[in-house]
Amino acid sequence: MTAHDIAVDIRGLDVTFATDGGDVHAVHAVDLDVRAGEVLAVVGESGSGKTVTARAVLGLLPETARVDGAVILSGTDVVTASAERLRALRGPEAAMIFQEPMTALNPVFTVGWQIAEGIRAHERLPAREARRRAVDILRKVGIPDPERRVDDYPHQFSGGQKQRIVIAQALVLGARVLVADEPTTALDVTVQAEILDLLRRARDEFGTAIVLITHNMGVVADLADRVAVMYRGDIVETAPATELFAAPGHPYTRSLLAAVPRLALPDRRYEGEGGAEPVVRAEGLEIEYAGRFSRGGFRAVDGVTFDIRPGEVVGLVGESGSGKTTIGRAMAGLAPVTGGSLRVLGAELNGIRERDFRPRRRDIGFVFQDPASSFNPLLTIGACVAEPLLVHGVSAAEADDRVGDLLEAVHLPREFARRFPHELSGGQRQRASLARALVLEPKLVIADEPTSALDVSVQARVLELFTELQERFGFAALFITHDLAVVDLLAHRVVVLHRGRIAEQGPTAQVLGDPQDPYTRRLIASLPVPDPVLQAERRALWERETRG
C-alpha cells in the first residue's frame, strides 16, 4: 500500500474537551487510516469517542476541544489547517453525512437550492447548470421524479428520502472521503437496506473512502471492509470485517457482538388465561385523518383486526407510514377511531367522549421513542416519574416512595430522582421512561420504538429489563418497532402492518420462521445480521425480493 492509496491518515489523534466540571479526555492518541475505495467502520458505545474521531477528519470539533496529533487529508493536516483551507477541503475532498437529516436540512429552502448551494460555494456556475447537477445527483441517489421534486421542501420527503438527499449533498462535489455518522439509526429495515446499497455503490463506482460510524453490528457486517472498535477513547481492536466477526480478539468486541439481538431465538410462549377477556380488541379498525383545503382524507389504518390478551406482548411491525404508531396512539385515546371497533380495557373507543375515557388512562402506560424530548428538561427525573401519580391524586410523600422503588426496579439508584434528564445517558433516560410508564401499575403498556436510537449493548440491557418488568408486573404490552430481531426477543405474537392493513399475524416463531406474505419475507430479508458471510447471502436474497 502506497501513501497515495490512503485517503485519510490519522496519527496520534488526542482530543480533550474543557468543561465546567474539568477536562474530559475523549480520544487517546488514536492511529487509523482509511484507504481509497474502502469502508472503515468505527464502532463502540456512546461516549467511546467514535463520533469525535470522525468529526476531527473534517475539522468539525468545537472550540472547547484541544486537539493534538495529525489528521492528513489530501496532503493537508486538518488539525493545523486554516479556516479558509478547511472550507476548500469540505465538499470536494471530504463530506459528512449526519445522523438526523431533518436537522441537517434547512426547512425554509428547497432541497435543490440546498444541494446547489454547495456547488456554488466551490464552483462558479450559472444557476441553471447548478440546478441541472442537483437534479442529476437526486436521480443517482434514487429520488423519484427528480425534475419536479428538486423544488420540494424537506418536510415533503419521507425519512429515508431525506437521508438520500443528505447523501446527495455529500456526493455532488465528488468527495473522495465520506464520513457517515449513524446514517441508518432511525430508519426502517427496508429503507436502511436501500441506504446501505447506495453507500456501497458510492464505494464501488466512485472509489469513495467511507468512514462509517455506527453501533449496529448488522450494518457493519453488511457494508464494512475493516472495523475499528473504540472503547473509552481507545482503539482496542482493528481487523478486516470477516476476521473480526469470525474471531473477535478483545473482550469488549465479544460483548458488543453478544449483545446484538438475533432472529430465531426460542419462542416466547404465552402462558396467560386462554379464556380471559382481551385487554385490547380491534375489529375492522379504521382510522382516517381529515383532509385539508377541500382534499380528501387519508386512511392510515384500514380494516385491522387483532387482540392483546392479559399479560401478553404483541409486536407491531412495519415500515414508516404503515399505521403502527397511529394504532398505538388510538389505543391510548390520542387518535380518533373513525370506523370499526377498538375496545381497550372494556371501553369502546369508537365515539367515546374524553371524559368517559379519562378514568381508564390510569391503566395505560406509554413509553416514547425519545425520552430526551418526552421528559420536561426543567423537572428532575423524580418529578417527571411522579407526575402521573400526582395527576391522579396520590400524595407527594407516597409518590416519592413509589418513585424510589420504581427507579430501583429499573436498575437506577434512588439518588437519580434528584438529577435532571440531561444528566442521564440515553439508556438511563429510557429506563426512567419505563419507570414513568409503570408508576401507576398499568394493565397495558404501549412502547413506541423505545430502543431504536440506543447503542446495541444499551439496547440489550433495556430489552432485558422490559422482559423482566413485564414478567414481574404482568402487564399486557404493544411493542411498536421496525426491528424484527427485537420482536423475536420480546413478543409472544407479531402483527405485520403494510400500508394500513395487516399483511400477516400469528405466533412470533411461526411468522418470522416461516413467513407466508411476500412483504414479511422482504422485511426479514432487509434485516442485516452480524455475520459478513451470511449477510452477503441475505443481501442477494433482498435484491431478489426487491428487484424481482
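Values in this text are rule-based calculations from the coordinates and carry no lab data. This is a predicted model, so every value here is computed, not measured. Positions of Cβ are backbone-derived with ideal geometry, glycine not excepted, and every protein chain shown enters the neighbour counts.
Length gained on full extension, H25 to R128, computed as 0.36 nm times the residue gap minus the Cα-Cα distance: 32.3 nm.
Helix 396-409 and the longest principal axis of the C-alpha atoms of the chain enclose an angle of approximately 60°. Think of region 452-547 as having a plus end and a minus end, set by charges on the Cβ of Lys, Arg, Asp and Glu; of A509, A525, A477, A525 sits farthest toward the positive end of this dipole. Against the chain, whose longest principal axis is taken from its Cα atoms, helix 111-122 shows a tilt of about 20°. Here the chain is assigned +1 on the Cβ of each Lys and Arg and -1 on the Cβ of each Asp and Glu. Its dipole about the Cα centre then comes out at about 1440 debye. On a 0 to 90 degree scale, rounded to 10, what angle separates helix 426-438 from the longest Cα axis of the chain? Helix 426-438 and the main axis of the chain meet at about 10 degrees.
Other residues whose C-beta falls under 11 angstrom from the C-beta of S395 contribute a net charge of -2, scoring Lys and Arg +1 and Asp and Glu -1. Simple rule: put +1 on each Lys or Arg Cβ and -1 on each Asp or Glu Cβ in the chain, find the dipole, and look at H215, I446, G12; the Cα lying farthest toward the positive end is I446.
To the nearest 20 Debye, how big is the dipole of region 150-208 about its Cα centre, given +1 on the beta carbon of each Lys and Arg and -1 on that of each Asp and Glu?
200 debye
Ranking F98, S255, A386 by Cα position along the charge dipole of the chain, where only Lys, Arg, Asp and Glu carry charges on their C-beta atoms, puts F98 farthest toward the positive end. Straight-distance candidates among the aspartates and glutamates for linking to K162, with alpha-carbon spacing under 12 Å and chain neighbours fewer than 8 residues away dropped: E100, D152. The sum of -39500 (n - 2.57) across all DSSP H runs of n ≥ 4, divided by the residue count of the chain, sets its helix-only mean residue ellipticity at 222 nm to -11000 deg cm²/dmol. The alpha-carbon of K443 sits under 17 angstrom from the alpha-carbons of these aspartates and glutamates, leaving out residues fewer than 8 places away in its chain: E271, E273, E277, D307, E312, E348, D363, E468, E471.
State the Cα centre-to-centre distance between region 169-231 and region 386-406 in whole Å. Region 169-231 and region 386-406 have Cα centres spaced 46 Å from each other.
Neighbour counts of other C-beta atoms within 10 Å: give me R431, R501 arranged from fewest to most. Intermediate results must be reported in sequence, preceding the final value.
Working: R431 26, R501 16.
Going from least to most buried by this count: R501, R431.
Scoring 350-359, 109-118, 206-215 by mean Cβ neighbours within 10 Å over their residues and listing the highest first yields 206-215, 109-118, 350-359. Listing S48, S457 from fewest to most neighbouring C-beta atoms within 10 Å gives S457, S48. In a fully extended conformation the segment linking R544 and A18 would gain 184.2 nm over its present Cα-Cα distance, using 0.36 nm per residue.
Taking 0.36 nm per residue of sequence separation and removing the Cα-Cα distance, the R139/R200 pair yields an extension gain of 20.3 nm.
The alpha carbons of region 99-174 stretch over 31, 23, 23 Å along the principal axes, in descending order.
Exposure proxy ranking for V385, V367, based on other Cβ atoms within 10 angstrom of each Cβ and starting from the fewest, stands as V367, V385.
Under the convention that each Lys and Arg Cβ holds +1 and each Asp and Glu Cβ holds -1, the size of the dipole of region 409-473 around its Cα centre is about 280 debye. Quick check: net charge around A65, other residues with Cβ under 11 Å of its Cβ, Lys/Arg +1 and Asp/Glu -1? Within the 11 Å Cβ shell, the charges total -2.
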